1. Calculate, for residue 328 and residue 378, the FRET efficiency according to 1/(1 + (r/R0)^6) with r their C-beta to C-beta distance and R0 30 Å; round to the nearest 0.05.
2. Can you give the FRET efficiency to the nearest 0.05 for residue 214 and residue 112, using r as the Cβ-Cβ distance and R₀ = 41 Å?
3. For residue 427 and residue 73, FRET efficiency with R0 = 56 Å and r from the beta-carbon atoms, rounded to 0.05?
4. Using the alpha-carbon centroid of each, what span in Å lies between region 74-102 and region 267-307?
5. Relative contact order of the chain, please, whole-number percent, based on alpha carbon pairs below 8 angstrom and at least 6 residues apart.
6. To the nearest 10 square angstrom, what accessible area does residue 267 show with a 1.4 Å probe?
7. When only the heavy atoms of the protein chains count and the probe is 1.4 Å, how do 85, 199 rank by accessible area, highest first?
8. Let me know the Kirkwood hydrodynamic radius for region 15-55, please, with Cα pairs as the basis and the value in Å to one decimal.
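The values are calculated or read from the model by the stated rules, or taken from the named source; none is laboratory data. Keep in mind the model is a prediction, meaning the values are calculated, not measured. Reconstructed Cβ throughout: ideal geometry from the backbone, glycine too, with neighbour counts over all protein chains shown. Side chains included, ligands, DNA and RNA excluded: accessible areas come from the protein's heavy atoms. Shrake-Rupley method; radii C 1.70, N 1.55, O 1.52, S 1.80 Å.
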Amino acid sequence: MGKTTGFLEYKRQNETFETPKQRIKNYTEFTIPLKESELQEQGARCMDCGIPFCQSGCPLGNFIPDFNDKVYKGKWKEAVAILHRTNNFPEFTGRLCPAPCEEACVLGINEDPVTIENIEKNIVETAFSEGWITPQPPENRTDKTVAIIGSGPAGLAAAQQLNRAGHTVVVFERDNKVGGLLRYGIPDFKMEKHIIDRRVKILEAEGITFKTNVHVGKTIEVDTLKSNFDAVVLCGGATVKRSIPIPGADLKGVTQAMDFLKLNNQYVDGLVDSKTIISAKNKKVIVIGGGDTGSDCIGTSNRHGATSVVNFEILNKPTEGRPAHQPWPYWPMKLKTTSSHQEGVTRFFSISTKAFIGDKNGHLKALQTVEVEWFFKDGERPQLKEIEGSEKEWECDLALLALGFTGAEPTLAEQFGLDMDFRTNIKASTKDYATNVSGIFTAGDMRRGQSLIVWAISEGRQAAHYVDRYLMGSSHLPLKDDFDLPRV
């Protein structure tokens, strides 16, 4: 497996980027790929561990040492076959996943881990460029029908798996194009949308039907779905945006990050004009929230031509290295500096927004903050305390709230008669992904809450197995831990 001494001979080598000055002129991807020989060297760094912790660190259970070995040996067609055994959409995860597999890499104990995510992306891109990824419709069809509500990564994965089992699958999407947050939440400079379209064409050719601009519960009745389909899988995501209940939150200029990003993605796609977007041009922008969505707002604001971009995070500044209480192979909460941060932003940690201040016309002109400190005690929730005398006022024309999501919209749960859990997710067990109503299943963020794309794909695959078993009495669709079953 791999080159025995590869991890001693080769250092980690990442893709490089166009300069910030170049890339903020447009919304296209800006990575500069490694040469094939360099990628083979990166594959050679895989250590052939006795226990591949990378594989267990991956929510999909990808066979990482296996495809690394094929890349090292130049056997790209075999590599993509291995990759697709567990991951329906490596072109998404290879661009957007935070790579928990790399944090679990054994080499990462005392060296830089293997560049697993970049290898994954290059495997699938090589396969597409060589024409190896073609539609694979099922040989036989059952008489069962399945409705998937939501076309994000969970819905797409569930749809492809159930279609492979021979069922007739229809995916309903309330927006005008397929993809969910992949399309409307992720900026094009992180993933251009033709990447989604390319895969959707494959899924359509395999026999999956997509119906867009269909809002279940509004433009189509829930009872219609229940009567026309043998099973329904809810994959609508966790879409209730978290807000800040402070004075001035209703001022013009206080904007939810996802509203800002969605309109901009629609503009880039030619669906709306420049007058429709929420523009950051010539504005003092403050992004509240230090996660990936906040980072996406920073990159987008710089492309608009913001006068300044500031980022607030209420939590303490993370450490540069792995924290002592999060040892290998656990996921560490380290300081993350993204390509968008490198394009221009001033970051502040341990800071809380107390009020938005408006002018006489109701437009945001400033916001007020206070510095905070956190107190941690074993077995107790962290306690937040404001630092007296640290209040400050900041000029601001556009405040973007990148605070995540609180759960699923209750509409579908109410209309289907489904239970919701205390976190306002649709209640369903990982044992079978079934809700309290027979024939109704759920997966992805709608079941587990806001999470990663790689988890959404995993959830969709897992749910598909149980839906197939519900319909047919048994299923050959693989579960993550069914290593003895043939993978599809």
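1. Once rounded, the FRET efficiency stands at 0.85.
2. 0.30
3. Numbers: r = 47 Å, r/R0 = 0.84.
With a Förster radius of 56 Å, E is 0.75.
4. 30
5. Details: 1015 pairs, mean separation 78.6, N = 488.
The normalised contact order for the chain reaches 16 percent.
6. It works out to around 90 Å².
7. Details: 85 95, 199 10 Å².
Correct descending sequence by accessible area is 85, 199.
8. Working: mean 1/r = 0.0772 Å⁻¹.
After inverting the pairwise mean of 1/r, the radius is 13.0 Å.
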